[in-house]
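Following: one structure in C-alpha cells, then a few remarks.
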Amino acid sequence: LVLPMIVVFLAVRLKNPAIAVLAALAAGLGLAFGTSAAILPPLSLPVPRPELILPDWSASALIGLGLPLYLVTMASQNLPGFATMRAHGFAPPVNRALAVSGGLSGVAALFGAHTVNMAAITAAICMGDDVHPDRSQRWKVGLAYMGVWLLLGLFSPLILTFLAALPGEVMTALVALALLGPLMGALSGAFSVVDTRFAATMTLAVTASGVAVLGIGAAFWGLLAGLFVWGLDRATAKARRV
C-alpha cells in the first residue's frame, strides 16, 4: 500500500506539488478499502458538544505536568513557529500572538482541550513557496486552514472512526509525505548560514534522538543543545578576535 502512495506522490508533485499529498491520500484510501486491507465499520454522525471540566488545582501537577508542558509548548511549537515565520521573511507580533494564544488556551482548558499555540509544522506548511508565488498573499491559506479545522472538529467522531479503520502503514506514509516539504524548507533555512550550521546540526541530532529527561521531550533538549553550541561558538569566536 505504501509504495503506490509514494509513486503517486512523486508523479503528481511534478505537475502540482500543492495536491501531491492529497493525491497520495486518495491512492492510499482507494487501495486500503479496495483490497479489503481496511474494513469500514458502521458509521454514525454524533454531534460533538463541549463539556465543562472544573479545574482541580494541584501543586504536584502544576510542577510535574504543567511546567514541562509549558516548556515543551514554548520550545517545540511557539519558538519554532515564530522562527519559521521569520525565516520566510515575516515579522510576527510575538507578544500579542502569545497573549491571544495563551488566553484561548485558558478558555479551551476548561473543556479538556489542549493548548493553543503557533503550531510550528502548520506554520511551515502555510509559508512554503508552493502555497502562493506572492509571499504577501500566503496569509490566505490561514483562512483555509481555519475552515478545515472547524469541519474537522464538527465531524471528528466520523473522521476518527474512518481513520481508525486504515492500516497503520498508510497513516505513517501519509504523515511522512506531508512533512517532506516543511522538512526541506526548515533544513534549507537552518543550514543557510555557515556560522550556525554546526549548532543547527546539533539541534537536529539531539531532537531526532528522542531523548527525554525530567519528563521533557527531545524537542526542548535539542533546542537547548543547539543554543549551547551556538553560544559556545560565539564566545570562542569573540575570544579569538580579542
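Structure data summary
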item: Protein accessible area in the range 133-200, 1.4 Å probe - carbon and sulfur %; result: 77
item: Computed label-point distance, nm, for sites Met146 and Leu14 using a 7 Å Cα→Cβ extension; result: 3.9
item: Cα long-axis angle, helix 168-190 against the chain (0 to 90 degrees, to the nearest 10); result: 30
item: Average silhouette area of the range 184-242, convex hull of alpha-carbon atoms, in square nanometres; result: 4.5
item: Heavy atoms of Lys140: accessible area, 1.4 Å probe, square angstrom to 10; result: 100
item: Whole-Å semi-axes of the ellipsoid equivalent to the range 1-77 (Cα gyration tensor, √5λ, descending); result: 41, 23, 12
item: Listed residues Val213, Trp139, Ala61: farthest to the positive end of the dipole of the chain (Cβ charges); result: Trp139
item: Surface accessible to a 1.4 Å probe, per residue, for the residues of the chain, Å²; result: 66
item: Of Trp139, Trp149, Trp57, the one that fluctuates the most in a GNM where the chain has Cα springs shorter than 10 Å; result: Trp57
item: Computed [θ] at 222 nm, deg cm²/dmol, the chain (DSSP H ≥ 4; -39,500 (n - 2.57); rounded to nearest 500); result: -20000 deg cm²/dmol
item: Taking all pairs of distinct alpha-carbon atoms in the range 106-179, Kirkwood radius in angstrom; result: 14.8
item: Charge dipole of the chain about the Cα centre (unit charges at C-beta), most positive-ward option of Leu177, Ile121, Pro93; result: Pro93
item: 26 Å tail of the calculated P(r), the range 39-180, as % of Cα pairs; result: 41
item: Share of alpha-carbon pairs per 10 Å distance bin for the chain, given as whole %; result: 6, 22, 31, 28, 10, 2, 1, 0
item: Span from the the range 115-155 Cα centroid across to the the range 173-230 one, whole angstrom; result: 22
item: Potential lengthening between Ala212 and Ala109 on full extension [0.36 nm per residue; Cα-Cα distance subtracted]; result: 34.6 nm
item: Helix 20-34 vs. the chain, principal-axis angle (Cα, 0 to 90°, nearest 10); result: 40
item: Simple spin-label estimate for Val193 and Phe228 in nanometres, 7 Å along Cα-Cβ; result: 2.1
item: Distance in nm between pseudo-label sites at Leu40 and Asp56 (7 Å out along the Cβ direction from Cα); result: 4.0
item: Nearest-20 debye value, the chain charge dipole, Cβ charges on Lys, Arg, Asp, Glu; result: 720
item: Highest-MSF residue in the chain out of Thr84, Thr201, Thr161 [GNM, Cα springs under 10 Å]; result: Thr161
item: FRET efficiency estimate (nearest 0.05) - Cβ-Cβ, Val100 to Ala165, R0 30 angstrom; result: 0.20
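The values are calculated or read from the model by the stated rules, or taken from the named source; none is laboratory data. Bear in mind the structure is a predicted one, so any value in this text is a computation, not a measurement. Ideal geometry is used to build each Cβ from the backbone, glycine not excepted, and the neighbour counts take in all protein chains shown. The protein model used for the area step is the full one, side chains on, heavy atoms only, and it has no ligands, DNA or RNA in it. Shrake-Rupley method; radii C 1.70, N 1.55, O 1.52, S 1.80 Å.
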